[in-house]
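Here the structure is laid out as C-alpha cells; the discussion comes afterwards.
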Amino acid sequence: MKTKASILLLSFFILITFWLSGCELSDILGSSQISNNSDAPLTISFIDVGQGDSTLIECENEAMLIDAGLYGNREKVINYLSSRNIKNLRYCVATHPHSDHIGGMDAVIYTFDVDTLVYPEVKSESASWNYLLDACDERGVSYYNPEVSDTFTLGGAELTVLSPAKGAEYENTNNTSLVLKLTYGDVSFMFTGDAEKEVERELLESSFDLRADVLKCGHHGSSTSTTKEFLEAVNPFSAVISCGKGNDYGHPHSETVTNLKNQNVQIYRTDKSSTIVAQSDGKEITFFSASGSEITQSKTETTLFEYIGNTSSYVFHRSDCASVKDMKEKNKMYFITKTEAVLMGYTPCGACKP
Ligand SMILES: [Zn+2]
Ligand SMILES: [Zn+2]
C-alpha cells in the first residue's frame, strides 16, 4: 500500500529555550484547537489521561473508544467525549483488565449510550474489571469477545483483530491486550494496548500485514514493547506514546525512543503534548494538538510552516524551494523556524539558502 501520510504540525508556542536533549516532534507540538465539528471523515484522539491509555476513534458518524484511563481520570475522558459531541459509542474496547486502561470505563458506560463492549478472553478478579462488567449489565451493553482475524467496521473503517489468539495463555496480563489494526482508505493505524515483546514476536511470525502508518506504542513506550524488529515490520510514519508526565515508570523508556528515532518515526507523546489528534481523509494523516487556542489548519499551512525538511536527507528548505515539490509527502517535516530545523539536526539547502 502506498502511504501518503503527510504530517502537519500546528504549533503555536515554540519554546525553543526549553528545548532539551530529546528532539521528539511532540516537543514542538504547540497548542492549536481542532473544531469539534470537524468534517474529517476519520478523527482519532489519543486522549491525555496521564499514565494510562484512552483513544477515541470517530469515523463517519460512528465512534468507538479504546480504553478509558484510570478511574481517577474518568472525567478527562468523559469531558473530551462530550467536547466531541459524542452521544453513542458503537464499541468500547477494553484492551486488558489493568486499571490504567479500564478504570474509567464504567463511568463512560454510565454516561454515554454504548452498544458493545469488546474485550479479550481473560479471567480477572480486578475491581475495575468487575465494575466494568456490572456497568455493562446494568446498561444493557452487549459483549463481543473477538477471535484473531475477526474484522468489524466503524463507519468506513475496518478493524482487524491481530491478538490475542483464543485460548492463548500469558503469564503477563499485558500480553492479553487486544491488538487492533484500523484501515481506512489508504491509511492505517495499529493499537497495541500494553502488548509486549512476546506478542510482537508472535505477530511477526503471523501472516498478518503488520504495516501501519501510525503505531500506538505498546505499554506506554516501555522497553518491554516496540522492539526494533516489530517496528521494522510495522514501518510506521508516526508513533504515539500515551504516558503521564513524570510517571513513576520512566515511560517512555529511552530504548523505545531510540528505536523510533533510528527508524525516523515521528513521535507524539501525550505527556508532552497532552491530547493528540490525528485526522484523515483516507489518503493523508494530519496531526494536531488538541489543547490551546484557535489556529485553523489552512492558516497554519500558509503562514506557519516556512521551512520543510527532508526526513531522509536531513536537509531543510524554504517552503517554496524547487526541491520541495519533488519531495515525497511522507518525507516532509514541517518547521516554523530555522532554529527548530537546526536543533533537529537538519542542514540548510545550498540552493534556497534558508
Ligand atoms: Zn497493562
Ligand atoms: Zn497500561
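Rule-based calculations on the coordinates, nothing more; no lab input. Just so you know, these numbers come straight off a predicted model, no measurement behind them. Using ideal geometry, Cβ is built from the backbone for each residue, glycine included, and neighbour counts are taken over all protein chains shown.
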Less than 10 Å Cβ to Cβ from H101, Lys/Arg counted +1 and Asp/Glu -1: what total charge do the surrounding residues give? -4
Highest mean first, what order results for 82-89, 227-234 on Cβ atoms within 10 Å? 227-234, 82-89
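Using square roots of five times the C-alpha gyration tensor eigenvalues, list the equivalent-ellipsoid semi-axes of the stretch 96-217 in whole Å, biggest first. Before the final figure, lay out each step's value.
Working: eigenvalues 118, 68, 29 Å².
They are 24, 18, 12 Å, listed from largest to smallest.
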Report the calculated FRET efficiency for E169 and S82 (r = Cβ-Cβ distance, R0 = 35 Å), to the nearest 0.05. 0.35
Is any residue of the stretch 129-153 close enough, with backbone N under 18 Å, to a label point placed 7 angstrom from the Cα of D115 along the Cα-Cβ axis, and if so, which? 136-137, 139-147, 150-153
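Over the stretch 235-275, consider all pairs of different Cα atoms and compute the Kirkwood hydrodynamic radius from their mean reciprocal separation; express it in Å, one decimal. Let's see the in-between values first.
Numbers: mean 1/r = 0.0947 Å⁻¹.
It works out to 10.6 Å.
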Could you work out the percent of alpha carbon pairs in the stretch 23-289 separated by over 35 Å, rounded to a whole number? 6
How far apart, in nm, are two points set 7 Å out from the Cα along the Cα-to-Cβ line at A127 and at N331? 5.5
Dividing the Cα radius of gyration by the Kirkwood radius, what Rg/Rh value follows for the stretch 305-348? 0.91
The FRET efficiency for S313 and E60, from their Cβ-Cβ distance with R0 = 41 Å and rounded to 0.05, is 0.60
Flagged as over-length at 19 Å C-alpha distance, from K228/K261; K283/K332; K166/K216; K197/K228; K283/K328, the pairs are K166/K216
I'd like to know which of S82, S223, M64 lies farthest towards the positive end of the charge dipole of the stretch 23-289, counting +1 on Cβ of Lys and Arg and -1 on Cβ of Asp and Glu. S82
Exposure proxy check on T256, T43: fewest-to-most Cβ neighbours within 10 Å is T43, T256
Packing-based ranking, highest mean first, of 238-251, 117-130, 169-182 given that Cβ atoms within 10 Å are counted: 169-182, 238-251, 117-130
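At a Förster radius of 25 Å, what calculated FRET efficiency corresponds to the Cβ-Cβ distance of Y144 and T258, to the nearest 0.05?
Values: r = 37 Å, r/R0 = 1.50.
With R0 = 25 Å, the Cβ-Cβ based efficiency is 0.10.
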